[in-house]
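Colleague: What follows is a structure written as structure tokens; I'll ask about it next.
The values are calculated or read from the model by the stated rules, or taken from the named source; none is laboratory data. Keep in mind the model is a prediction, meaning the values are calculated, not measured. Heads up, the Cβs are rebuilt from the backbone with ideal geometry, glycines too, and the neighbour counts pull from every protein chain shown.
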Amino acid sequence: MAFFTPILANRLKRFSVPIVVGEILAGMLIGRSGLNIIEATPILDFLAEFGFVYLMFLSGLEVDFDLLIPERRKGSFSIRQPLPLALIVLAGTIGLGLLFSVLLRSLGIVESPFLMGLILSTTSLGVVVPVLKERELLGTNYGQLLLVAASLADFLILLLVTIFIAVRSRGLTLDLLLIPVLLLAFVVAVRVVQIYSGRNLPQRILKELSSATAQIRVRGAFALMVAWVVLAEASGVEVILGAFLAGAIAGLIADPNDDDATEKLDAIGYGFFIPIFFIMVGVEFNLSALFESPRAMLLVPLLVVGAYTVKVIPALLFRLTNSWREALAGGFLLASHLSLIIATAAIALDLGLITEAVNAAIILLAVISVTISPTVFNRLVPERILDRRRGIIIIGQDQLAEFLIERLDPEDEPITVICPDESRIQSFRNLDIELVTGCPEFSEALTRADAMEARVLVDLTSTTAETMEVCKLARQEFEIPLVISRIADVELIPRLQQMGVKIVQPALATAMALEGALRYPSVFDLLSHQTEAHIEVSEVVIGNREAVGIPLRHLRLPGDTLLLSIHRDDSVVIPDQDSTLHIGDRVGLIGSRSALDDAERYLRS
């Protein structure tokens, strides 16, 4: 079932059936609600529980604590900032969830309104992140706001569920103090590992043992997860909190430039353990209990209405920083329920806090929400293709800026140069560009340069403070998709990369250019325009749905255009005749200038 479900889901992609939903439905088919050919055994129970723990570990790995604990910014506190705005929305969600759950209890449908309120307040970070990533929204203020809101909901709701279950299981005892002790141990562990992981010897050892049969990073992740699960179990705390904290530790100490270990962990989880968990959820799904209880049947539509109500209404506060459509879409996306709601329901069922009928209703809510929410979000939020923005902004006025301008063609894309020093702009006046001068603040200069419409910003400022200010404004305030910065201070690299800034180091760039001229002289001449052949290299983001899903052997590009590479989901694919394009792919092209222009228009529009 784990093998065939993704194949079937891919064939039914027009119906937007997520693979996880397919796994649950597959479990229903072969389980107690269907053919009843699979029964729970100790081996299956262990594999399913391990998959459940592993899923929470990967959920913790996705949380970006840099968003939850941001740097102090200039200016006064404002609820328009992502963290306070997300906190207010989450508080409103929990409040409405509790009110709705009290209503359900008055109807005699649920027994614990607080637990049901928390269940309705959950959000699936595992659904939110892929949707934002697919739409290329993670680098925007809107995407960051939704990511902060989802991360907060995942972390705080999980913590509240853990405390509630501990109180219901053991009462108000001193054992509850073990929860803050576990969180303190989490903080200490993060600090210790951050201090020692950056040293040369541990890094060298990790690098040497990260391949072949050692796979030390993967082994370390598993050891970390199991250790924290055991620690949580010994403390009397739910294992999901221990697994989640272990994933958060792994995410905090991971190298942001090393996606290899994360890909391996995802492959192990989503390739084996996690499908078993979701299939077994379907196997244990008791459809007959749902049909036998009229109240439980009534609970399904009520939960669907309640789940979207408690999310969408507070999310309208996102209107403070976004449009009404984006605020409404954000509420629907945050109403996605998956791993945490199913995990919470499973624990509550084991403790006798909910019946099998209510558990079945909650699972149906998860299936419905992860199918509907991404579809509604994509309908409400308009397509945002990077190439729709046009214009290049260059901040700087040294010889490098002048040389770069001469190599670019203003007829292809308008060029604006921001010159902080008016006494040095004479050499730029004869160029076919727009000049912005006389602005004491970079924010004012970028506004005058129409930065909200620009596609690229090249930062050639000379000081660390100016570099950080320009890059923050470009990425966070003006949402410029591509920001390139020339820096000499290597300590700035991690901070700028977290903002999504492309880094160019002069010494490294020079060394790479020399190596290219030495090893590949013909290619170097082509890329540096030192050849008489009128052949150029270009890049375009796929926006034309007519070009999507067609094998490249059947895709006819204009003139002599050839497709060199496909950049998709942080990986580069070297295409063959059977490769297909997806919306949002960045593809490399080579050909004559006129053919490239035609190909770019076709692929983009």
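Colleague: Could you count how many residues in segment 547-605 are acidic (Asp, Glu) and more than 27 Å from the chain's Cα centre (by Cα)?
Modeller: Restricting attention to segment 547-605, the residues satisfying the condition of being acidic (Asp, Glu) are 560, 569-570, 576, 578, 585, 597-598, 600.
With more than 27 Å from the chain's Cα centre (by Cα) added as a condition, the list becomes 560, 576, 578, 597-598, 600.
Count: 6.
Colleague: Moving to a separate point now. So is Ala250 closer than 26 Å to Ile503 by Cβ, in a helix (DSSP H, G or I) and modelled with pLDDT of 80 or more or not?
Modeller: Details: closer than 26 Å to Ile503 by Cβ: yes; in a helix (DSSP H, G or I): yes; modelled with pLDDT of 80 or more: yes.
So Ala250 fits the description; yes.
Colleague: I need the full set of residues from segment 344-356 which are buried (at least 23 other Cβ atoms within 10 Å of the Cβ) and of a type outside the set (Ser, Thr, Tyr), in order please.
Modeller: Listed by number, the residues that qualify are Ala345, Ala348, Ile354.
Colleague: Conditions first: (1) closer than 15 Å to Glu23 by Cα; (2) surrounded by fewer than 24 Cβ atoms within 10 Å (Cβ to Cβ). Val283 passes all but one, so which condition is the exception?
Modeller: (2)
Colleague: Select from segment 591-600 the residues that are buried (at least 17 other Cβ atoms within 10 Å of the Cβ) and either within 10 Å of Leu557 (Cα to Cα) or among the β-branched types (Val, Ile, Thr) (or both) and list them in ascending order.
Modeller: Ala595, Leu596, Ala599, Glu600
Colleague: Filter segment 532-546 down to the residues that are surrounded by fewer than 13 Cβ atoms within 10 Å (Cβ to Cβ) and not charged (D, E, K, R), then identify the one that is nearest to the chain's Cα centre (by Cα).
Modeller: Keep residues of segment 532-546 that are surrounded by fewer than 13 Cβ atoms within 10 Å (Cβ to Cβ), which gives 532-534, 545-546.
Then keep just the ones that are not charged (D, E, K, R); that gives 533-534.
On the way: Ala533: 42, His534: 40 Å.
Here the answer is His534.
Colleague: Six or more apart or on different chains, Cβ under 6 Å: which pairs go from a residue in segment 339-355 that's touching a residue at least 60 places away in the same chain (Cβ under 8 Å) to one that's of a type in the set (S, T, N, Q) and in a loop (DSSP other than H, G, I, E, B)? Could you list them?
Modeller: Close Cβ pairs (under 6 Å, with a partner that is of a type in the set (S, T, N, Q) and in a loop (DSSP other than H, G, I, E, B)) amount to Leu340/Thr122; Ile341/Thr122; Leu353/Ser112.
Colleague: If you don't mind, another one. Please state which one of Ile583, Ile566, Ile550 is over 19 Å from Glu413 (Cα atoms), hydrophobic (A, V, I, L, M, F, W, C), surrounded by 16 or more Cβ atoms within 10 Å (Cβ to Cβ) and touching a residue at least 24 places away in the same chain (Cβ under 8 Å). Let's see the steps before the verdict.
Modeller: Working: Ile566 fails: touching a residue at least 24 places away in the same chain (Cβ under 8 Å); Ile550 fails: surrounded by 16 or more Cβ atoms within 10 Å (Cβ to Cβ).
It is Ile583.
Colleague: Right, here's the next one. Anything in segment 573-585 that is at pLDDT 85 or above and outside any loop (DSSP other than H, G, I, E, B)? List them, or say none.
Modeller: Scanning segment 573-585 gives a single hit, Leu581.
Colleague: Among all residue pairs at least 6 apart or on different chains, which show Cβ distances below 9 Å where the first residue, located in segment 221-240, is touching a residue at least 12 places away in the same chain (Cβ under 8 Å) and the second is in a loop (DSSP other than H, G, I, E, B)?
Modeller: Partner pairs satisfying both residue conditions: Leu231/Val237; Ala232/Glu238.
Colleague: Being of a type in the set (Lys, Arg) and modelled with pLDDT under 80: is that true of Arg429 here?
Modeller: yes
Colleague: For residues in segment 480-499 being β-branched (Val, Ile, Thr) and without any contact (Cβ under 8 Å) to a residue 40 or more places away in the chain, which is surrounded by the fewest Cβ atoms within 10 Å (Cβ to Cβ)?
Modeller: Val490
Colleague: In the set Ser293, Ser339, which member is polar (S, T, N, Q) and farther than 22 Å from Ser121 by Cβ?
Modeller: The match here is Ser293.
Colleague: Residues that are surrounded by 15 or more Cβ atoms within 10 Å (Cβ to Cβ) and modelled with pLDDT of 80 or more: find the helices (runs of 4 or more DSSP H) completely inside segment 84-188 holding 3 or more of those.
Modeller: Result: 113-121, 141-170.
Colleague: How many residues does segment 553-572 contain that are out of contact with any helix residue (DSSP H, G or I) (no Cβ under 6 Å at 6 or more places or on another chain) and closer than 16 Å to Ala595 by Cβ?
Modeller: Counting residues in segment 553-572 that are out of contact with any helix residue (DSSP H, G or I) (no Cβ under 6 Å at 6 or more places or on another chain) and closer than 16 Å to Ala595 by Cβ gives 5.
Colleague: Wholly within segment 278-363, which helices (runs of 4 or more DSSP H) include no fewer than the required count, namely at least 1 residues that are over 28 Å from Arg80 (Cα atoms) and modelled with pLDDT under 80?
Modeller: 287-292, 294-315, 339-350
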